[in-house]
Structures are given as structure tokens and as C-alpha cells.
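This report concerns only the one structure given below.
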Amino acid sequence: MTASRNTTVNIDRIHSELDVVTIPRSYQTELMEHAKHENLVICLSTGSGKTYIAVMLIKEMAHAIRASIRDGGKRTVFLVKT
């Protein structure tokens, strides 16, 4: 998908695609909980679940994404170096 000002994303569709049965490790849950309340930079080794933590956080904050910006809604931008 090419991003543009007119791109619309169906959050419910994304939720259903991401709802796989994966149990987070305790440190992943702990880091996600901290990230809900403060800005964090998470430095973990490869394969330790940094992306998974980000996805859990985005899903947790989805209620704020649904609201319009005028009503205090938030937006998420997730950048990944390839």
C-alpha cells in the first residue's frame, strides 16, 4: 500500500489479521505497560520481540486512533528500517 493523504485504513480489519494466538513474554508485557505511560526507546537483541511490543501497544491504543483528531484522537506511525 502506498501512503498518501487519502489513505484510509480499516482498524478492525487490521485487528482481525493481527489476532493470532501469541503469548507475550513477561518482559514484553512489562515494557508495553511502561510505554503506555511514557516515551520509551527499547533496545533488545534481534528476535527478542521489539516489533511484537510495538504491535501490542498499537492494539492497546486503538481506541484513541478511532477518534477524529479534532476530538483528541491520536495517530500511529510505525517506521521500520529494511
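The values are calculated or read from the model by the stated rules, or taken from the named source; none is laboratory data. None of the values given here were measured: they were computed from a predicted structure. Don't worry about glycine lacking a Cβ; one is built from the backbone with ideal geometry, like all the others, and counts go over all protein chains shown.
Of the residues that sit in the range 40-82 and are in contact (Cβ under 8 Å) with a residue 24 or more places away in the chain and not in a helix (DSSP H, G or I), which one is surrounded by the fewest Cβ atoms within 10 Å (Cβ to Cβ)?
Step by step, filter the range 40-82, then rank; the result is Val80.
With the requirement that a residue be assigned to a loop (DSSP other than H, G, I, E, B), of a type in the set (Val, Ile, Thr) and either surrounded by 10 or more Cβ atoms within 10 Å (Cβ to Cβ) or modelled with pLDDT of 95 or more (or both), what does the range 1-39 give you?
Of everything in the range 1-39, those that are assigned to a loop (DSSP other than H, G, I, E, B), of a type in the set (Val, Ile, Thr) and either surrounded by 10 or more Cβ atoms within 10 Å (Cβ to Cβ) or modelled with pLDDT of 95 or more (or both) turn out to be Val9, Thr22.
Modelled with pLDDT under 75, more than 16 Å from the chain's Cα centre (by Cα) and hydroxyl-bearing (Ser, Thr, Tyr) - does that describe any residue in the range 51-68?
no
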